[in-house]
Every structure is written in C-alpha cells, then in structure tokens.
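Here, each number is a calculation from the coordinates, and none is a lab measurement. Nothing here was measured: the structure is a model prediction, and the numbers come from that model. A quick note on method: Cβ atoms are made from the backbone with ideal geometry, for glycine too, and the neighbour counts reach across all protein chains shown.
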Amino acid sequence: MPPDAIPARGLAAFSPTAPLGRWDFARRPVGPRDVRVAIDYCGICHSDVHTVRGEWGPISYPLVPGHEIVGRVAEVGSAVSRWQVGDRVGVGCMVASCRQCGPCAQGLEQYCDAGFTDTYNGKDLVSGGVTQGGYSDTIVVDDHFVLRVPEGLDAAAAAPLLCAGITTWSPLTHWGTGPGKRVGVVGIGGLGHMAVKLASALGAEVVAITRSAAKAAEARRLGAHDAVVATETGALKPHRSSLDLIIDTVGTGHDLEPLVGLLRMHGTLCLVGGAPEPHSAVRAFSVIGKRRSIAGSLIGGIAETQAMLDFCGARGITSDVELIGVDGVNAAYERVVHADVRYRFVIDLATLDGGR
Ligand code: NAP
Ligand code: ZN
Ligand code: ZN
C-alpha cells in the first residue's frame, strides 16, 4: 500500500473456525474516480457466514466481511461530481466490473463477462490486494458503485436493502411481479422477509413458506396474504399449481419437487439461496406438464439497486433489524446459522470506537 493509503479499522475473520476479531488494515488512497465512505451501519448477510467459514471454497485471511453498507460520503476524488461530503450513501455487493461488456452495458454488472469484483474477498483492480468489506469504519469505492440512500429511511434499517433488498427485487421485477400475480417466498430470513415486503408492495399476492410456526404467524405483518408451515403434513396442498413465481432463499440443499408443484402454468422457481451442496433432482414430468421453469438470480445491477432504493424511499420500506455492536457479531453468526434472527442483524460501527 502506498504511503497515502487510508488507515481503517474493522472486524475480520482470521480462520474458518476462529471468532471474528478486531483488525487494523489499510484502504487504497482515494483516486480521481473514488468516493470514501465513513461507514455507520453494515448488515450481516448469510453469505458473510458462508464465505468466512470457507463453505464456498477456500479464502485468504484476514478477511473483513460485509456488503450491506450505509454511511456518509467523507471524501470525493477530483473527477467525481455527483456527491457532496455528508451525503447518505450505500455500498452493496459489488465494487467494480469491466463496465464495457454486454451485461455491464445493460446495467447488469453482476453478470459482467469478466466477473465483477466482490465488495470483500475480491481482487481490488486498483491496488491488486484483496477487497475488504463493511464491518469497518471506512471504505474507498469507485463512484459508479456508490448508491444514494433516501434520507427519509432509517439508516440502520436501510442497510439490508443493499443485498437482501436488491437480491429479491431483481428477480421479482425481472419476472413481472405486480397486481394479479401470486408469489411464494421460501425461507423467511434476511432475504425472505424482504421478498415478502417487496412483492406485496409491488402489488402481488404473497404466500410465505417457512419451517417456523412463529414466523408464519408474523408473516402477515410483513405483507404476506397467507403463510404455511412447510414441515406440517399437507400444508402446501392448498397452494398447488397456483403460484407464478417462487423466490427460494434457503441456503442449504433441499428437495425442490414440492416447490415446483406449487407453480401454475409458465411459473418459475427462482433460486437465490447459495446452497454449497446440490439440491435433490427434479423429475422431468414435474416441469414438462405446465411448462414450468427452474431459474436462478444473482444480487442486482447498480441501476436497478438505485431504483429499488428509490421505491423503498417513496414507500418507507426498510428491513426489520436487530441492531448490535461489534462485540455481538460472533453470537449473531450463531443465531443466523440457526435461522434465529428477526430478520437481519445490523452492526452499529460506532461501537468500533469502544474497544481501543
Ligand atoms: P438467512 O437470514 O439465514 O435466511 C435463510 C432462511 O432459510 C432461514 O431464515 C430459514 O427460514 C430458511 N432455512 C434455513 N435453513 C433451512 C433448511 N435447512 N431447510 C429449509 N429452510 C431453511 O439467510 P439470508 O441472508 O436470507 O440468505 C439466504 C441465502 O441466500 C444464503 O445462502 C445466502 O448466501 C444467499 N444469498 C444469495 C444471494 C444471491 O445473489 N443469489 C445474495 C445474498 C444471499 P425459515 O426459518 O422461515 O424456515
Ligand atoms: Zn448478501
Ligand atoms: Zn463487464
């Protein structure tokens, strides 16, 4: 790192099994097209847990996770004109892409032919080092990947929009969610509770599908029209062949057959959960009969992320969060693994100051 590198403090994973701990590191200097963001809040996504525990493959340590970042602009590069110091901004799952390929030209940087750069555990195209995420006091990001967060939204509760929000918004809008459509949401965690809120705000009728009777009871408050406890015998039967789209957020291998059976003609089962292991096979006749599709979707592009944030700003939509300090992160990880969070942990980075 050059001498004008920016000192940063954060919470890092040091091995797949050790608890996360404090770590001092450096951010790249603010280049002409960069924005430095002073981070206020960062959500804990289940992807953070999969990544630091090596469930998606080996990584290099130390690694600071976190890609649901909300803060304020602290510094802007000489070629950046659209931000003022103090603006409320967010950074999501991407910090760079080639900006030239077909997907990038369409505003779908997440499908960049050259591969986008992850906010953490990616290769920093400027410094050559490993990108470090948002469980930190500050971050330096290319201007294109900085989002405007509506001032009217609670900043902590808006942080999960940067991943959980856009990851569900992108397939919901891609598959035409709106009035007259019926959408199922499987797994009522961080992504799932946002899928319920966004699908119902878009005008669809929503069926929440959970293993938890307590979450089923709460689902209507989140915006669902019906909720079923999938583990109860016969619970799915009333919804057979009735859904246009299912957003499946479950992050472990599971049986897709019962879900495919819920789709009506031309319906789509969209996988967003990052299960490290394969799902069980689906029989050909389960999809042939009603010309059903099984699909997948990855986060969302920058333009659609801004559209989602603006929609949420106009409607007052945020995540239901449990706000924690940095010292609560390791306990939070255990609760995430046990699906015991209502519905997203968000770290208050002001608590980094307390421990030094
Ligand atoms: P989360 O908060 O842990 O929610 C996942 C939910 O799935 C749980 O709340 C639980 O809901 C359900 N679930 C968990 N284990 C299950 C099992 N064994 N069988 C059935 N249901 C189970 O996680 P998240 O942060 O929402 O992320 C969900 C998944 O999406 C993760 O794998 C994450 O890595 C992935 N992800 C993908 C993208 C993408 O771009 N595609 C982006 C972000 C995250 P109930 O308690 O209601 O059953
Ligand atoms: Zn995420
Ligand atoms: Zn590209």
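Tabulated data for the structure shown
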read-out: Eligible lysines near Lys237 by straight Cα distance, threshold 16 Å, same-chain separation 8 or greater; value: none
read-out: Distance between region 82-145 and region 292-339 - C-alpha centres, whole angstrom; value: 17
read-out: DSSP-defined antiparallel bridges as percent of all bridges, the chain, nearest 5; value: 55
read-out: Sparse-neighbourhood loop sites, trypsin sites (Lys or Arg not before Pro) in region 98-165 - DSSP loop, at most 16 other Cβ within 10 angstrom; value: Arg99
read-out: Prolate/oblate/rounded label for region 1-111 (Cα gyration tensor, a/c 1.5); value: oblate
read-out: Listed residues Val52, Val346, Val229, most fluctuating in the chain (Gaussian network, C-alpha, under 10 Å); value: Val229
read-out: FRET efficiency estimate (nearest 0.05) - Cβ-Cβ, His266 to Ala114, R0 30 angstrom; value: 0.35
read-out: Once exposed loop chymotrypsin sites (Phe, Trp or Tyr not before Pro) are cut out (DSSP; at most 16 other Cβ, 10 Å), longest piece of the chain; value: 57-356
read-out: For region 231-243, Karplus couplings with θ = phi - 60° (6.51, -1.76, 1.60), whole Hz, Gly/Pro x; value: 7, 7, 4, x, 5, 7, 3, x, 9, 4, 6, 10, 9
read-out: Residue-wise HN-Hα coupling along region 195-206, computed from phi with Karplus coefficients 6.51, -1.76, 1.60 (Hz; x: Gly, Pro); value: 4, 4, 4, 6, 5, 6, 5, 6, x, 7, 8, 10
read-out: Percent RCO, i.e. relative contact order, over the chain, from Cα pairs under 8 Å lying at least 6 residues apart; value: 17
read-out: Per-residue Cβ neighbour rank within 10 angstrom, fewest leading, Asp34, Asp143, Asp137; value: Asp143, Asp137, Asp34
read-out: Linear extension gain, Ile59 paired with Arg148, 0.36 nm per residue minus alpha-carbon span; value: 29.0 nm
read-out: Dipole axis of region 164-296 (+1 Lys, Arg; -1 Asp, Glu on Cβ), positive-most option in Gly251, Ile209, Pro238; value: Pro238
read-out: Ordering of 314-321, 230-237 by burial proxy (mean other Cβ atoms within 10 Å per residue, highest first); value: 314-321, 230-237
read-out: Relative contact order, percent, region 145-260 [alpha-carbon distance under 8 Å, six or more residues apart]; value: 25
read-out: Neighbour-limited loop hits for GluC sites (Glu not before Pro), region 106-215 (at most 11 other Cβ within 10 Å; DSSP other than H, G, I, E, B); value: Glu151
read-out: Sparse-neighbourhood loop sites, trypsin sites (Lys or Arg not before Pro) in region 165-245 - DSSP loop, at most 14 other Cβ within 10 angstrom; value: Arg240
